[in-house]
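Notes follow the structure.
The values are calculated or read from the model by the stated rules, or taken from the named source; none is laboratory data. Quick caveat: nothing in here was measured; it's all calculated off a predicted structure. Neighbour counts run over all protein chains shown; Cβ positions are idealised from the backbone, glycine included.
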Amino acid sequence: MNDTPESAGVPRTRVYVVVWLGLLLIVATEVTLTYAHLSPGKLLAALLGLALLEAGLAVMYFMHLKYERRILFWSLIPGLIFVLLMLNQLWFDAIRLRTLHP
Amino acid sequence: MSSTDMPLALEPGEALEESPFGIRSRKLVMWLFIIADAATFGALLFGYGYLRVGSADWVRPFAFSPTIVNAIVMTVVLLTSSLTMLASVAAAQAGRRAASLKWLVLTALLGTAFAVLHLREWFNLFREGWRPGTNPMGGSVLVGGTFFSITGLHLLHVVTGVVALLVIAIFYRRGRLDAGHLETAGLYWHFVDLVWMFVFPLVYLMNVR
């Protein structure tokens, strides 16, 4: 059996703990902002931004994408972002639906 | 070279050509699955957003206690399980099999704790009269439908992950799996955590009373 790591230059445990603490801090910020009486639009923007930051940290450090060959990142992530961006076309119809209600 | 001449340390196909990604096929396949699953969850969350924006009578059902407090605890448990999964993989890569197993089982236990907390939350909502097609507060019935669909699919991923981790622990203990297998399983587990990073703010925090 081969017990060697498949990712070159994987980070040390201390890096993982720092990222984990950072993620907990982001969660605490999200909860604080939720009760800060922001407008729904501002709260959504803030929560989405923080969630994307969390996801980026998890993908890069916990899932080691930062330490893999760049071709893996470029083969996987832009396609997913493209699909998610295309889904934004839904909002126009959602707003239209809302105006149909009394 | 015939297949019988292939060195035993190599897996089938490995000697033929190096992957341009520099990783084994199993890890690449897991990445492809994760991207496809991310698109699935993305579509679900966009669908939830569409229905929410399109509904004039959307209600916000969640009080700070017990729902949000419970969700915060669930979030901390799941984030911590990612850390224990990393510890398991690191121990396996260092050849410390017993320590790796300990962290792996702890990860599965944290996953189980998350599932139990989640089910407790669901049953609290059931007691209040919430169902996928019923809204006891009045207004859009889609609130329950979207909530149970999204959190249900995520819970299914967690439960599947716990079962997979336990099966992997058994085979790893017997020496039939190695650190690479644990790393691949870890990718899935971190992805489950990553999805929750969007479900928690969008489905819970955006629905606070």
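Please state which one of B:Val89, B:Val73, B:Val105 is surrounded by fewer than 17 Cβ atoms within 10 Å (Cβ to Cβ), at pLDDT 95 or above, within 24 Å of A:Val17 (Cβ to Cβ) and within 12 Å of chain A (Cβ to nearest Cβ).
Among B:Val89, B:Val73, B:Val105, only B:Val73 is surrounded by fewer than 17 Cβ atoms within 10 Å (Cβ to Cβ), at pLDDT 95 or above, within 24 Å of A:Val17 (Cβ to Cβ) and within 12 Å of chain A (Cβ to nearest Cβ).
Which of the residues spanning region A:62-102 are under 15 Å from B:Leu32 (Cα atoms) and of a type in the set (Val, Ile, Thr)?
Within region A:62-102, A:Ile71, A:Ile77, A:Ile81, A:Val83 meet the criteria.
I need a count of the residues in region A:62-75 that are facing chain B (nearest Cβ under 9 Å) and within 15 Å of the chain's Cα centre (by Cα).
4
Out of (1) away from chain A (no Cβ under 13 Å); (2) assigned to a loop (DSSP other than H, G, I, E, B); (3) modelled with pLDDT of 95 or more, the odd one out for B:Leu177 is which?
It fails just one condition, (1).
Any residue at all in region B:60-76 that's basic (Lys, Arg) and assigned to a helix (DSSP H, G or I)?
no
Could you list, in sequence order, all residues of region B:20-47 that are exposed (fewer than 14 other Cβ atoms within 10 Å of the Cβ) and at the interface with chain A (Cβ under 7 Å from one of its Cβ atoms)?
The one that is exposed (fewer than 14 other Cβ atoms within 10 Å of the Cβ) and at the interface with chain A (Cβ under 7 Å from one of its Cβ atoms): B:Pro20.
The conditions are (1) under 18 Å from B:Trp189 (Cα atoms); (2) in contact with a Pro (Cβ under 9 Å, 6 or more places away or on another chain); (3) not hydroxyl-bearing (Ser, Thr, Tyr), and B:His118 fails exactly one of them. Which is it?
Checking B:His118 against (1) under 18 Å from B:Trp189 (Cα atoms); (2) in contact with a Pro (Cβ under 9 Å, 6 or more places away or on another chain); (3) not hydroxyl-bearing (Ser, Thr, Tyr), the one that fails is (2).
Could you please let me know if B:Phe62 is of a type in the set (Phe, Trp, Tyr), within 11 Å of chain A (Cβ to nearest Cβ) and either over 24 Å from A:Gly22 (Cβ atoms) or buried (at least 21 other Cβ atoms within 10 Å of the Cβ) (or both)?
yes
Quick one: in region B:131-157, of everything that is touching a Leu at 6+ places or on another chain (Cβ under 8 Å) and of a type in the set (Val, Ile, Thr), which residue is surrounded by the fewest Cβ atoms within 10 Å (Cβ to Cβ)?
Out of the qualifying residues, it is B:Ile150.
Working only within region A:14-57, note down all residues that are within 10 Å of chain B (Cβ to nearest Cβ) and assigned to a loop (DSSP other than H, G, I, E, B).
Result: A:Tyr35, single match.
Does A:Val83 meet the test of being of a type in the set (Val, Ile, Thr) and within 22 Å of B:Val89 (Cα to Cα)?
Criteria not met by A:Val83.
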